[in-house]
Amino acid sequence: MDDTSLVNECLKGNSRAQKAFFDKFAPKMLSVCLRYMKNTEKAEDALQDGFIKVFTNLLNFNNSGVLEGWIRRIIVNTCLDELKKNKKLLLNVSVEEVEYKLESNDFVQEQMMADDLMKLIQDMPAGYRVIFNMFAIEGYAHQEIAIQLGISESTSKSQYLRARAYLKNRIDKR
Amino acid sequence: MIEKDYIKELFQDKLTSHEVPVRADLWTSVSSSVGGSSVVASSMSIATKLMIAASVSAVALVTFYLINNENLEQSPIKKENLQEQRIITVDSLKIEKEEVKKEEKLLPKQAEQRVDCAYDFSTPENESDLNSEFQQSNKSDINKEIITEKGSQKIDQQNPIIRNNTASTSEIVAKPEIITKEQESTVLLPNIFTPNGDGKNDFLSIKIGEVTEFSVVILNQANKVIFTSNDPNFSWDGQSLQGELSPAGTYVYYISAKDLNGKLLTKYSNLTISY
């Protein structure tokens, strides 16, 4: 069943289609949640909340975009909302610009498994993690991140560079 | 920055389509909020389920529950399959029930043996005690195998007769477990923890109901006591009594406790420490 007919069946209230829909996208989305939330429990909560939003708003999905991207956006927003409830999340950063250079282009890190990378992300400080996720993996622009998180664009940039330097450091140590 | 962002590429490449298995029960709560009728995979009617439940004897149920319980905790997705398996196995379970009854008579003897071993072990000075220790760690090893070999359990359930006849060792191991479960169904002994400071499974602790007396003893492979406590809510960080960090490896630990009815419960488990 392709995405369009799956959505249509879900809209009709077909519970089997809803289950199929969930099974199809939940594993990827759980991976997304795990990158944003600090533990599995919180990630699973966000996943459930996110999918409830997805299903209740499915009518608004107009088939113009990619279904997975649309879901992913809702899931990310759900995670962000949850994180914003926790005030101490962001961002004790001085706003100066920092430039980090990557000295070597060796590809040792290419061999690192996705799971290892997941672990690295989860171990990052929360402020780094969110911005790194949004910019590097979800592909948001700094401007958009700034609006979403209520921070300045330059903060977003500098946090990203710090996060990247942090990760590079961790990877090189291995 | 003109230079290519390798870190970004790496993470984007590896993680954009990364997937993590989702627990089956997560769907249940989403589905109930969404309003779709809950999904019933097996077409079995409730009446059939009831009949099946009634036709299985208490002993068979306990055995079944214990085995499946392990299964469920590890992979809740199996839940639906189990219902179907129940149909398949109900006939064979009846047969098993009779066999189990025969074997039940042997049970008290085995239980005594086991308890003796546990007691002897608290004074591990003489040689015979060492032997009993070996037996026990063997037993617990076998026990662990049974639990981890999910595949073989399925086979067991479908061919219980074969299991009764050929796998007599597994019967012996499994039975004492049942007896202790009946006394104190709330005790589950973890058999691994990772005291590496990552915030996950850094401490060994157990969940036990109300008890009046409690003791726990942890030994290393040289039968040296490396931790004891009388606190049911103890939490062990992996440091030995001498304050050294215990190396990764296999250990064994025993608990004994008296519940509110004054019933004595003793239980042991092997314990793997890894970092």
Inset, instruction - Determine the shielding of peptide A:132-138 by partner chains: average, over its residues, the number of Cβ atoms on other chains within 10 angstrom of each Cβ. - result: 4
Legend entry - Entries in A:K24/A:K85; A:K24/A:K53; A:K84/A:K157; A:K173/B:K8; A:K53/A:K84 that, when Cα-Cα distance is taken, lie over 22 Å: A:K24/A:K85
Inset, instruction - Treat each spin label as a single point 7 Å out from the Cα along the C-beta direction, and report the B:Q242 to B:D5 distance in nm. - result: 5.3 nm
Inset, instruction - Taking a probe of 1.4 Å and counting only protein heavy atoms, give the total accessible area buried between chains A and B in Å², rounded to the nearest 100. - result: 3600 Å²
Inset, instruction - Please get the size of the charge dipole for the range B:212-263, origin at its Cα centre, with Cβ charges of +1 on Lys and Arg and -1 on Asp and Glu, quoted in debye to the nearest 20. - result: 180 debye
Legend entry - Ranked packing of A:145-151, B:207-213, most packed first, by mean Cβ within 10 Å: A:145-151, B:207-213
Inset, instruction - Quote the Stokes-Einstein diffusion coefficient, in whole µm² s⁻¹, for the range A:1-79, based on the Kirkwood radius over alpha carbon pairs, a temperature of 10 °C and a viscosity of 1.306 mPa s. - result: 126 µm²/s
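The values are calculated or read from the model by the stated rules, or taken from the named source; none is laboratory data. Just so it is clear, the structure is predicted and the values come from calculations on it, not from any experiment. Quick reminder, even Gly has a Cβ in these numbers, built from the backbone with ideal geometry, and neighbours come from all protein chains shown. Each accessible area value is taken on the protein alone, full model and side chains, heavy atoms only, with ligands, DNA and RNA left out. Shrake-Rupley method; radii C 1.70, N 1.55, O 1.52, S 1.80 Å.
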